[in-house]
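Structure first, commentary second.
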Amino acid sequence: MAFRGKRPEHGGPPELFYDKNEARKYVRNSRMIDVQTKMAGRALELLYLPEGQPCYLLDIGCGSGLSGDYLSDEGHYWVGIDISPAMLDAALDRDTEGDLLLGDMGQGIPFKPGTFDGCISISAVQWLCNANKKSDIPAKRLYCFFSSLYSVLVRGARAVLQLYPENSEQLELITIQATKAGFTGGVVVDFPNSAKAKKFYLCLFSGPSTFLPKALTETTDEEEATESAFTSERIQRRMARRGVVRKSREWVLEKKERRRRQGKEVRPDTQYTGRKRKPRF
């Protein structure tokens, strides 16, 4: 099933897009297998699990089990959930070691509270931003997903969700619903200046907010890592900004830089940025 010039999620629901032909690509296409495996490795790295300790992990949108295979190779146990029967059939044919479940993440994660030590997801969450029928409300489906994910994780555990947001508004919608569900964390953007290698990882914490991992860059010495953090702890943020005068040049520059990190379009800085204008009569 091909959708030239369009994003896959614009062509219809995932259970129809990921048919037998698409599932076959995830089994036979060496490049696709390599990309999926590398993203799974990066997601596992961002989980910061205890070294040498097998963990019980959830793989959301597990597909044909490529990411799950990486988890198994690293010594972890896992459960995969996917909405596509064809992709799960491909995973069974490959004799993946994890347990597989057919389900819609937008309807919630059907496990007991505190079941998993962590969660990864590769290229799945953005599908929840599209309404494939009248009853689908993206914000509600995202909240249902994140609230149930928060529940099934052990307190203090992390979830790392690799995704392809269509625009900054879609990314904001996703992060807002994650925050409402109780998560803290932020977005790590690997290789932000590369058209092909750029990858978004939503790093979520189900406990107290901790440090946000550094992003990967091609020239780490010259460029700073690109992260966009969000948290529900507003008091601490106000304390950090106490020394900045509102509407001052420093305040304006800081606000513009924060919007750039969020992926929003911002006018370039000039000598007139933040200048005080005389009142008009």
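What follows is calculated from the coordinates using simple rules that are stated; it is not laboratory data. Given the structure is predicted, the values throughout are model-derived calculations rather than measurements. All Cβ positions, even for glycine, are placed from backbone atoms using ideal geometry, and neighbour counts span all protein chains on display.
What the table shows:
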quantity: Of Ala131, Val79, Ser64, farthest towards positive along the dipole that unit charges on Lys, Arg, Asp, Glu beta carbons give the range 1-147; calculated: Ala131
quantity: Volume of the Cα convex hull of the range 24-146, divided per residue and given in Å³; calculated: 111
quantity: Cβ-placed point charges (K, R +1; D, E -1), dipole of the range 127-179 about Cα centre in debye, nearest 20; calculated: 280
quantity: Taking the C-alpha atoms of the range 128-196, convex hull volume expressed per residue in Å³; calculated: 104
quantity: FRET efficiency for Ser168 and Lys25, using Cβ-Cβ distance with R0 set to 45 Å, rounded to 0.05; calculated: 0.90
quantity: Relative contact order of the range 55-119, pairs being alpha-carbon contacts under 8 Å that are 6 or more residues apart, as %; calculated: 41
quantity: Computed magnitude of the charge dipole of the range 160-217 (debye, nearest 20; Cβ of K, R +1, Cβ of D, E -1); calculated: 200
quantity: Net charge contributed by nearby residues that have their C-beta within less than 12 Å of Glu166 (K/R +1, D/E -1); calculated: -1
quantity: Calculated over the range 1-72: convex hull of Cα atoms, volume per residue (Å³); calculated: 111
quantity: Packing rank of 55-66, 160-171, 78-89, 107-118, where each peptide gets the mean count of other beta carbons within 10 Å, highest leading; calculated: 55-66, 78-89, 160-171, 107-118
quantity: Cβ charges +1 (Lys, Arg) and -1 (Asp, Glu), total dipole of the range 65-181, debye; calculated: 740
quantity: Subset of Lys20/Lys133; Lys20/Lys180; Lys180/Lys255; Lys199/Lys255; Lys255/Lys276; Lys6/Lys38 violating a 26 Å alpha-carbon distance limit; calculated: Lys20/Lys180
quantity: Percent RCO, i.e. relative contact order, over the range 91-188, from Cα pairs under 8 Å lying at least 6 residues apart; calculated: 35
